[in-house]
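Novice: Can you read through this structure? Questions will come right after.
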Amino acid sequence: MICQEEQLLVEKVCELYEQISSLESLKPSKNVDMLFTQLVLTCMPPSPIDVSNLNKNVQEIRSKLIRLCGVAEGHLESHYSTILGSYDNPLDHLHIFPYYNNYLKLGLLEFNILNQHITNVPNKIAFVGSGPLPFTSIVLASNHLLSTTFHNYDIDHLANSYAQNLVIRDPDLSKRMVFHTNDILDVSNELEEYEVVCLAALVGMDKESKNHVIDHLAKYMAPGAILMLRSAHGARAFLYPVVEPCDLKGFEFLSVFHPMDEVINSVVIARKYPMPISSSLEQDIGSMILPHKCSEVQVFNNPLINHGNMIEELTVEEQHS
């Protein structure tokens, strides 16, 4: 059962889904922008709703809505990447993207989170699903990790072409931003080279495909390497897929951060086990750390990261260390 407030939320989301799914195109336009703005504003406020408890019909609508959001986001990024690419110095005009400030906040958040779990500045980071507007890599490379090389993976050659055009004229980033047109499932031994791998929210839009990618990364990433993933919490899970700690087979779950401001994505961080462990042992470890269901971990405010309103969840072991 869900409460009346949650029921009203679900009804509003379903109503917006009907309107969005009836659009002829999801490319940027006044109507498209208005509907997706309404959707985001509906899902942004903190909510205790657990989307896994919704009925089958609403679950199907949520899955379709996430895919529609992915298509619309791709069109929006391509549109603005084309505009930015027309400038002599595209990096001087990034602010024209309407959500650029969100990426600045998210980049700072992810940098601070990463700093808690590494001892050395990474030489090489892979970003999987970088798209035509690789803001995360650009923000981290420009503002926080000034010597790190970023390897950006996307399955779409045109997206990589747009993205490369944004940095090709910059004397620094043109050397530290590398673009690979690959399905990440076809990338194997190269993954051992990266101290950190970041996985975009919309790589794997359903649980099965997301877990398939995570399993692949667990197989080929270097032991001890960090995996940083985007997830969603509460009503924001109508916009993006949710990654639970129990999905991270082959990794030690470290923590998850749930922003409560205009930054929509949660950030999950994990470390690849330093040596292969059997599935039975991994299950035992998981049951020790997470005694109830896989997504239940203790929650408290984190004083170490200055990021407005945010919830941090840590494993029980980490809290007691």
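Novice: Spelling out what I want: for every residue of region 223-238, take phi, set θ = phi - 60°, compute 6.51 cos²θ - 1.76 cosθ + 1.60 (Karplus), and round to whole Hz; glycine and proline get x.
Specialist: Ordered by residue, 3J(HN,Hα) equals x, x, 5, 8, 10, 10, 10, 9, 9, 8, 9, x, 5, 5, 6, 7 Hz.
Novice: Moving to a separate point now. Give the long-range amide H neighbours of SER255: residues separated by 5 or more places, or on another chain, with amide H under 5 Å away, using H modelled in the peptide plane at 1.01 Å from N.
Specialist: Here ILE269 satisfy the definition.
Novice: Assuming R0 = 22 Å, can you tell me the calculated FRET efficiency for the pair ASP183 and SER63, based on Cβ-Cβ distance, to the nearest 0.05?
Specialist: Calculated value: 0.55.
Novice: Can I ask one more? Provide the per-residue ³J(HN,Hα) series for region 181-191, in order, calculated from phi with Karplus coefficients 6.51, -1.76, 1.60 and θ = phi - 60°, each as a whole number of Hz, with x at glycine and proline positions.
Specialist: Calculated HN-Hα couplings, in order: 8, 8, 6, 4, 5, 9, 9, 10, 4, 4, 5 Hz.
Novice: With a 1.4 Å probe and all protein chains kept in place, how do ASP154, ASP170 rank by accessible area, largest first? Working shown, then result.
Specialist: On the way: ASP154 25, ASP170 45 Å².
These residues rank, largest area first, as ASP170, ASP154.
Novice: If you don't mind, there's one more thing I want to ask. Measuring from label point to label point, each 7 Å out along Cα→Cβ, what is the GLU11 to HIS93 span in nm?
Specialist: Between GLU11 and HIS93, the label points sit 4.6 nm apart.
Novice: Local charge sum around SER142 (other residues, Cβ-Cβ under 10 Å, Lys/Arg +1, Asp/Glu -1)?
Specialist: Taking every other residue near SER142 into account, the sum is -1.
Novice: Another one. Strictly over 30 Å apart at the Cα level, which of LYS175/LYS249; LYS30/LYS210; LYS30/LYS56; LYS27/LYS210 would you flag in this model?
Specialist: Result: LYS175/LYS249; LYS30/LYS210; LYS30/LYS56 exceed 30 Å.
Novice: Turning to a different aspect of this structure: Can you tally the net charge around ASP88? Count Lys and Arg as +1, Asp and Glu as -1, for every other residue whose Cβ sits under 13 Å from the Cβ of ASP88.
Specialist: Result for the neighbourhood of ASP88: -1.
Novice: Let me ask another. Tell me, what ³J(HN,Hα) does each residue in region 114-123 have, in order and in whole Hz, if you take phi through Karplus 6.51 cos²θ - 1.76 cosθ + 1.60 with θ = phi - 60° and put x for Gly and Pro?
Specialist: 4, 4, 6, 10, 10, 9, 10, 5, x, 6
Novice: Would you please give the residues with an amide H less than 5 Å from that of CYS198, counting only those at least 5 places away or on a separate chain, with H modeled from the backbone geometry?
Specialist: Amide H neighbours of CYS198, under 5 Å, 5+ apart: ALA126, PHE127, VAL128, MET228.
Novice: Report, to two decimal places, the Cα Rg of the chain normalised by 2.2 N^0.38 Å (N = number of residues).
Specialist: For the chain, the normalised Cα radius of gyration is 0.98.
Novice: Here's another thing I want to ask about it. Amide H to amide H under 5 Å from SER231: which residues, 5+ apart in sequence or cross-chain, H placed 1.01 Å off N in plane?
Specialist: Answer set, sorted by chain and number: SER266, VAL267, VAL268.
Novice: Restricting to the chain, what percent of DSSP beta bridges are antiparallel, rounded to 5?
Specialist: For the chain, the DSSP antiparallel bridge percentage is about 50.
Novice: Also, I was wondering about something else. May I ask for the equivalent-ellipsoid semi-axes of region 140-232, computed as the square root of five times each C-alpha gyration tensor eigenvalue and listed largest first in whole Å?
Specialist: After diagonalising the Cα gyration tensor, the semi-axes are 23, 16, 13 Å.
The values are calculated or read from the model by the stated rules, or taken from the named source; none is laboratory data. The shown structure was predicted, so the numbers you read here are calculated from the model rather than taken from an experiment. For neighbour counting, all protein chains shown are included, and Cβ atoms are generated from backbone atoms with ideal geometry for every residue, glycine included. These accessible areas exclude ligands, DNA and RNA; they are computed on the full protein's heavy atoms, side chains included. Shrake-Rupley method; radii C 1.70, N 1.55, O 1.52, S 1.80 Å.
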